[in-house]
1. Between residue 227 and residue 185, what FRET efficiency comes out of the Förster formula 1/(1 + (r/R0)^6) with R0 = 25 Å and r the beta carbon distance, rounded to 0.05?
2. What ranking do 289-296, 345-352 get when scored by the average of other Cβ atoms within 10 Å per residue, highest first?
3. Given a Förster distance of 56 Å, report the FRET efficiency between residue 147 and residue 272 from their Cβ-Cβ distance, rounded to the nearest 0.05.
4. Could you order peptides 305-313, 324-332 by the average number of other Cβ atoms within 10 Å of their residues, highest first?
5. Take residue 113 and residue 171, extend 7 Å from each Cα along the Cα→Cβ direction, and tell me the distance between the two endpoints in nm.
6. Treat each spin label as a single point 7 Å out from the Cα along the C-beta direction, and report the residue 46 to residue 248 distance in nm.
7. If r is the Cβ-Cβ distance from residue 279 to residue 160 and R0 is 56 Å, what FRET efficiency results, to the nearest 0.05?
8. Students often check this: by mean Cβ neighbours within 10 Å, which of 69-79, 109-119 ranks highest, and how do the rest follow?
C-alpha cells in the first residue's frame, strides 16, 4: 500500500512539474523568424531590422513575450521553402497570399492591400531600327525610293539635254552629272535654281512645275518623318503589360510578379532583389521591372536620381500577410492580433509611417 502511494505521488509530481509547452513556447521560447529584405516592409538600417512587416511582428512578439531569432533568406522562394519544411516558424516580408501557396502554407490575416506596377527608365526613346520599321509599315520608304529614282532620272535627263543644247556644259560625264545633280537637288530642297532656261517659254513652265514638285517633296518628307517620330515616341511609352509583350521584364526571383507574368507568356528575367533589377534596367539589359507597387514607389522616393519612374496603374491586386507552416500554433493568435490592429486603427497608423 505504501509503495502504491509513493508511486502515485511520484507520477503526480512528474505531471505537475512538466511545464505547459504551449505556454512556454509563447512566453519564453525563441521563435525562428525568416525574412526577405524588401523595402519598405523589411529593411536593415544601421544593422537594425525595420520596416512595416518587422514592426508588425515585433509588436506581436512583444505583446506575447516571444523572443525572436531572425534568419535572412536571399529570395522569397527560399524563404517560403524554409517555412514549408518547418525550418522557421514564421516568414516575415511582403508575402502575397495566393491559392497555390495556401495548399502548402498557413497565412495570417492580410495586413496590406497592394498590386503590381511597372517601372521603366525615364526618357525612353524608340530605337532607330524601330523608327525605320515604322516608316516602312506606313509606306513612306517606298515613296522615298520613288523620289530618289525621280531625282536620278531627272539628273540623267538634264545632263543629256545640256550636253546637246548648252555648249558651255561640261563634256565629262562625271562632271556633267554632278552639275545636273546639283541643279536638281537645288530645286528639290529650295525651290530655286540657277540653271539656264531651255526651250524658252515651255522651259519656264517645266521649270515652274519642277519647283512646285520640289517644294511638295520636301513638305512630304518633313511631315512623314515628323509624324512617324511622334508616333514612335508615343508608342515607346509603356502604359501596361500589353506594351511589354515582346520585351524582357525584370522580376524578383520567386515573386508573385514572376509567376503571374510567366502565366501570361511574358519574357521574364529574375533578380535577387530590386536593386539588381534596376541596375539591369539602367544598363539596357531589360525593358522594364514589374514588382509590387509599394516597393517600386518606395524605391523611386528614396532614390530620386536613379533614372527610373513608375508608369501605368496598379494591376493584378494582391494582399500581403505572414506565412507559417500548416497547423502552426501561432497562426490563430497572430491573426487575432492583426485583426485587432486593423479594428483599432493601429495598422493604418503603422502604414502611414512608410507610405
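Read-outs: derived from the displayed coordinates by stated rules, not from any lab. Fair warning: this is a prediction, and the values are worked out from it, not measured in the lab. A quick note on method: Cβ atoms are made from the backbone with ideal geometry, for glycine too, and the neighbour counts reach across all protein chains shown.
1. Working: r = 24 Å, r/R0 = 0.96.
Efficiency at R0 = 25 Å is approximately 0.55.
2. Details: 289-296: 24.5, 345-352: 13.0.
Highest to lowest by the protection proxy: 289-296, 345-352.
3. Values: r = 54 Å, r/R0 = 0.96.
Approximately 0.55, to the nearest 0.05.
4. Numbers: 305-313: 14.4, 324-332: 16.4.
Answer by packing, highest mean first, reads 324-332, 305-313.
5. Going by the 7 Å Cα→Cβ label model, 9.2 nm.
6. With each label placed 7 Å out from Cα toward Cβ, I get 4.0 nm.
7. Details: r = 63 Å, r/R0 = 1.12.
That pair, residue 279 with residue 160, gives E of 0.35.
8. Details: 69-79: 16.5, 109-119: 20.4.
Descending packing order for the listed peptides: 109-119, 69-79.
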